[in-house]
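Here is the structure we will look at.
What follows is calculated from the coordinates using simple rules that are stated; it is not laboratory data. Worth saying up front: this structure is predicted, and the values here are computed from it rather than measured. Cβ atoms come from the backbone with ideal geometry, glycine included; neighbour counts cover every protein chain shown.
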Amino acid sequence: MENNVLEEFKNNSIYRLKEGERMLHLAFKKIDEEQLWLRAVPQGMSLGNQLLHSCGNMTQYIIASLGNRKDTRQRTAEFETQGGATSSELLKKLTTTVAQAVETIETTSEEEYLRMRKVQGFNLTGIGAVLHAVEHFSYHVGQVAFWVKQLTNSDLGFYDQQDLNQLNP
């Protein structure tokens, strides 16, 4: 693989993780602590569960798998938890997790990106593991955005400083 292609993949993966983190911090400013653990339906996920699950997945796929560290994820707890942490504590966990994922993405060798590994029973290269984690995180960022908009009946202002109506040159 040409090194510049791998660098482009790393840079865009990091950008997406940081962008999702930024959006979640904005969204969580709109809710109160009571809304953090609400579930739309009994088998659904609260906003708190969304953050726990996103951190668990990112840790398993990027930090543990790509980074060759022990996988200690307890996935069931991410869904079963119904309180016990504040939004500030969960956002701090998210920030720490994203920082560790970014460091892992930046420092991992090309060989590790190409090596096949098993994650959650799936056979993936390191590239596949990162792609999965970034896509998975973005999916949950969208779910959080939708749920916060429903709870607060407000715009989240993700791109208030950017004109998104620009056409490509």
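If one computes the Cα centroid of region 38-69 and of region 114-169, what distance in Å separates the two points? The two parts, judged by their Cα centres, are 13 Å apart. Set the Förster distance to 45 Å, then compute FRET efficiency between Thr81 and Asn165 from the Cβ-Cβ distance, nearest 0.05. After rounding to 0.05, the efficiency reads 0.65. Mean separation of Cα pairs under 8 Å and 6 or more residues apart, divided by the residue count, gives the chain a relative contact order of 32 percent.
On the beta carbon distance between Leu131 and Glu34, with R0 = 45 Å, the FRET formula returns roughly 0.80. Between Asn12 and Asp71, the FRET efficiency from the beta-carbon distance, with R0 = 30 Å, is close to 0.75. Considering only Gln166, Ala129, Gln60, the residue lying farthest towards the positive end of the dipole of the chain is Gln60, judged by Cα position with unit charges set on Cβ. With respect to the chain, whose longest principal axis is taken over its alpha-carbon atoms, helix 47-58 is tilted by about 0°. Could you list the residues of region 14-42 with an amide nitrogen less than 19 Å from a label point located 7 Å from the Cα of Ser88 in the Cα-to-C-beta direction? Counting only backbone N, you get 24-37. The chymotrypsin sites (Phe, Trp or Tyr not before Pro) found in region 81-169 that occupy coil by DSSP, while having at most 11 further C-beta atoms within 10 Å, are Tyr159.
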